[in-house]
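A short worksheet on the structure shown next.
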Amino acid sequence: PGFPYMTCSSQLQSSFLSYFCSIFSFLGCSVLVLTIIVSTLGGLVFGYELGIISGALPQLQAHFYLGCVWQEAVVSALLIGSLLASVIGGWLIDHHGRRASILLSNLLILGGTVILTASMSFLALVVGRAVTGFAMSISSMSCCIFVSEMVAPSRRGLMVTLYEVGITVGILLAYAVNYILSGVQAGWRYMFGFAIVPSLVQLVSIWFLPQQTSEGLITEDDNQQSDRLAGETLNRHQAEHVKYSIFDLFRTKDNMRRRTAIGLGLVLGQQFTGQPNVLFYASTILFSVGFQSNASAVLASVGLGLVKVIATLLAMVCSDKVGRRSLLIGGCTVLAVGLILTGFLCGQSVIDTTKQCTSLEPHVNLTSPAENQENAGNNSVNQSTPSTGNETHGAHGLSNNFSHSEDMYKWIIFICMMAVVSAFSVSFGPMTWLVLSEIFPKEVRGRAYSFINCFNVGANLIVTFSFLSIIDVIGLSGIFFVYGVIGMAAVVFIYLVLPETKGKSLHKIDRELSQTR
């Protein structure tokens, strides 16, 4: 008599189980979508803030009469804020959680954008850029760590790289906005203000994210889930006996010193190959090599942004198939060769690219910002080609062959810069942050990420703030040669030191790095 009841009960239990599984599957899918939205929007805002200064700087120079040092200060204020965030960001992420940190960064970006849009003085510009930089640094660290802890090992490369995709799309969007608003009076206010839109969308999305993270919470199969649970059990037992502090990053305990060396080598190579200057000063560099109007230089920078997006999408697809190490070695090799070739071509170009900083000193009149911008551009060309006696394009009085040579060098240099940007976007751009989110134990991951980011931002600050001044001394040719040599050194470092982490769970990477000497 009990068999029908048992059969009915089993069917009922099976129905409830299927129902709850479908709910959890839906929730997991929803969390996945929200994670993608929040991470991609965070990267988009980051990239937009990085790229927008390239087109806003000529207008700011004309509007506020900024000399060379003051221009460098406006650009570098973003990095000063990032450096401060790197000092305290690790503590904030480890003690208050990834989600709370993303939320804080979003609110600060909104505040910094309002300050920039309403700026009436040089000081307000610097403060607004510093607040925005502080927020961007917190966002970049917390988003990458949050995503790396949420997804399965087989999807981690794809998901973490989405943040870098957001950055490249943001940079492209910024370049496009720069071009559209390059002739608009006070267009720089609109350039800064457009960052509010994606920030508000991200702010709404953050509220629906889970408070806590767990590796493989989304996009994992049964085997991956069992591996994760076993790893988490092992990690909990180890955590009862092993506690990490920031000072352990310099000790041989669990091979932490090697992990720190890997992180520092990647971020220093990333910065000292000059990529920040290609982003921040894209229009300035292109103007110097022969794109003889601000509009054409900004439009050419849009091309660089488009190439960067395509290359980053390629890296996103390949990171879990080709591997982090292979992409870093291959991309950095192309990067170094492209930089050296660009330096050689700049040296052969008919445009004299020394005295760039001097040429950017403001010589403007009190008409409109657009006219001031054009006049400043004309002065730049006049001062950078004193031997030809030119006024506008630096080509009057030269032979047709000389003009053709100038055009040829201009476009070859542009192609080389596209190769450099592409190589960086496949290698250093996304892979550095993916590796950093994988190689440290969870208990100290936020602080380790923050510590290494201090060196990342500090190096970025040095490279960015000194760029125009160094060009004054050694020219574009010399500085690209230096970047290329550093790129070759980075290839050797990665080949000798960096292990492959693709397809491995975080606890497995931790265990292997702890045992490897």
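Computed from the coordinates by the stated procedures, all read-outs in this text should not be read as laboratory data. Computed from a prediction, not measured in an experiment: that's the story for all the values here. Ideal geometry is used to build each Cβ from the backbone, glycine not excepted, and the neighbour counts take in all protein chains shown.
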Given 420-428, 305-313, the highest-first ranking by average Cβ count within 10 Å works out to 420-428, 305-313
P(r), alpha carbons of segment 106-180 - 10 Å bins starting at zero, rounded %: 18, 35, 32, 13, 3
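Could you give the Stokes-Einstein D for segment 28-211 in µm² per second, using the C-alpha Kirkwood radius, 10 °C, 1.306 mPa s?
96 µm²/s
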Principal axes first, then extents: for the Cα atoms of segment 86-145, list largest minus smallest coordinate on each axis, whole Å, largest first. 38, 18, 16
Normalised radius of gyration for segment 46-89, please: alpha carbon Rg relative to 2.2 N^0.38 Å, two decimal places. 1.29
Table column - 3J(HN,Hα) (Hz), segment 130-137, Karplus curve with 6.51, -1.76, 1.60, x for Gly and Pro: 5, 4, 5, x, 4, 5, 4, 5
Ranked highest first by the average count of other Cβ atoms within 10 Å around their residues, in what order do 443-452, 504-513 fall? 443-452, 504-513
What are the ³J(HN,Hα) couplings of segment 97-107, residue after residue, when phi is run through the Karplus curve with 6.51, -1.76, 1.60 and θ = phi - 60°? Round to Hz, x for glycine and proline. x, 6, 5, 4, 5, 4, 4, 4, 4, 5, 5
Of 410/502; 243/508; 253/321; 308/410; 321/410, those spanning more than 30 Å from alpha-carbon to alpha-carbon: 410/502; 253/321; 321/410
When only Cα pairs under 8 Å and 6 or more residues apart are kept, what is the percent relative contact order across segment 28-211? 44 percent
Ordered by residue, what ³J(HN,Hα) values in Hz, to whole numbers, does segment 503-511 give under the Karplus form 6.51 cos²θ - 1.76 cosθ + 1.60, where θ = phi - 60° and Gly and Pro are x? x, 10, 6, 4, 5, 5, 4, 4, 5
